[in-house]
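Derivation of every value follows stated rules applied to the coordinates shown; laboratory data play no part. The shown structure was predicted, so the numbers you read here are calculated from the model rather than taken from an experiment. Positions of Cβ are generated from backbone atoms using ideal geometry, with glycine treated the same way; all protein chains shown enter the neighbour counts.
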Amino acid sequence: MDCHFSFGPNGAFFAKSDSIWAWSDNNTLPEPLRLILEDPNHPQANKFPYDVAFPMEPGRFSMSWKTVKGEDYYEELFLGPSYTKLAEYMRNIAQNGEHCTRTVFGPNASYFTISPSGFSWQNLPPVLESDILGRMKKGLPTNVALGVHGSFVVLYSDGNVTFDVATHYPAVDAMIRNSAENARRKGIAFLALSPHAAGQYYVAYGDASASWNIPTEWTVDVTTVSKSLRPVGSARIGSTLPQLGGFSAAGGTFSAGGGGSSAQGQPPATPSTLSMGLHAAGKLWHAYQDQQGQNSGSPFGTQTTFIDTGNSSPPAFDPEHVGEL
């Protein structure tokens, strides 16, 4: 399943499937990222995003994408000094025609990312890092979620899941423990936690259904993306990359083969001189390698690792923002 969701600072988000992607508006995105996504005149205008993620520091982002010219690019110039290790990893794998997927950032300048060559991370909660290293010979991580105060979830290729979310994400804790519901929905295929707000999450299941607790203003676009998810094991018919039919002017949704919906209906902005200069120096990958079906994540099976670190009462859960497909 090609699915990714990233919670950003200042009310930003980015969500994608293999055919539709959406992002927040109201000036919540870093301007260089917004121009790549929205401006068809940008020299590296986006055709298909492989990976978009937000560090917790405002104004920062990482991105890997195919341009409308058919070139593969990655953006590490806006990561900032706390993520030089990730920037180096992106440069190294680009030499083999690879790019990052399912990149996630968390507190304390932590991150985790996946590529066909392996993984890169830093400053993970010690329990999470130990678990990943201890399981490497049995199952590889297919999805890592980082939340507030050291909360985390990691899904493995052998069907196991390790998590510590009871205190700050009680609904996610209940979902993971509900083995009957997970079996009915063919397991958890992807999960994201907000590192900015306890209780906020996005979950996609193996049958292409989804659940979330997000700000109300995101729900229309997130619902649109979620409806386009494909069950684990299914593939797009025809080209592995969608043909983009339009551009959104101020946030909203892009779809493959269809027009973009605009949140405000304004014409696309022209790229800034700074953005054009920085992106003109972007690294062109040697060749595009089809990522369809890679890093899709095996659904959560019957084997589970539970990590309970305390008995404190969970925060109140606000059902107003909850959605489900």
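You can think of it this way: the chain between Met136 and Thr223 has 27.9 nm of extra reach, that is 0.36 nm per residue less the Cα-Cα gap. With 0.36 nm allotted per residue and the present C-alpha distance subtracted, the Ser157-Lys69 stretch has 28.2 nm of extension available.
With the cut-off at 30 Å, tell me which of the pairs Lys66/Lys138; Lys66/Lys227; Lys47/Lys138; Lys137/Lys186; Lys16/Lys85; Lys16/Lys186 have Cα atoms farther apart than that. From Lys66/Lys138; Lys66/Lys227; Lys47/Lys138; Lys137/Lys186; Lys16/Lys85; Lys16/Lys186, over 30 Å: Lys66/Lys138; Lys47/Lys138. For the range 103-146, the equivalent ellipsoid derived from the alpha-carbon gyration tensor has semi-axes of 17, 13, 8 Å in decreasing order. If r is the Cβ-Cβ distance from Asn123 to Ala197 and R0 is 22 Å, what FRET efficiency results, to the nearest 0.05? That pair, Asn123 with Ala197, gives E of 0.60. For Asp207 and Arg177, the difference between the fully extended length at 0.36 nm per residue and the C-alpha to C-alpha distance is 9.0 nm.
Of all trypsin sites (Lys or Arg not before Pro) in the range 150-232, which ones are in loop regions per DSSP and have a Cβ with at most 10 other Cβ atoms within 10 Å? Qualifying residues, ordered by number: none.
Rounded to the nearest Hz, the phi-derived 3J(HN,Hα) couplings of the range 18-31 under the Karplus curve 6.51 cos²θ - 1.76 cosθ + 1.60 (θ = phi - 60°) are 7, 9, 9, 9, 9, 8, 6, 10, 6, 6, 8, 7, x, 4, where x marks glycine and proline. Using the alpha carbons alone, the radius of gyration of the range 1-128 stands to its Kirkwood radius in an Rg to Rh ratio of 0.94.
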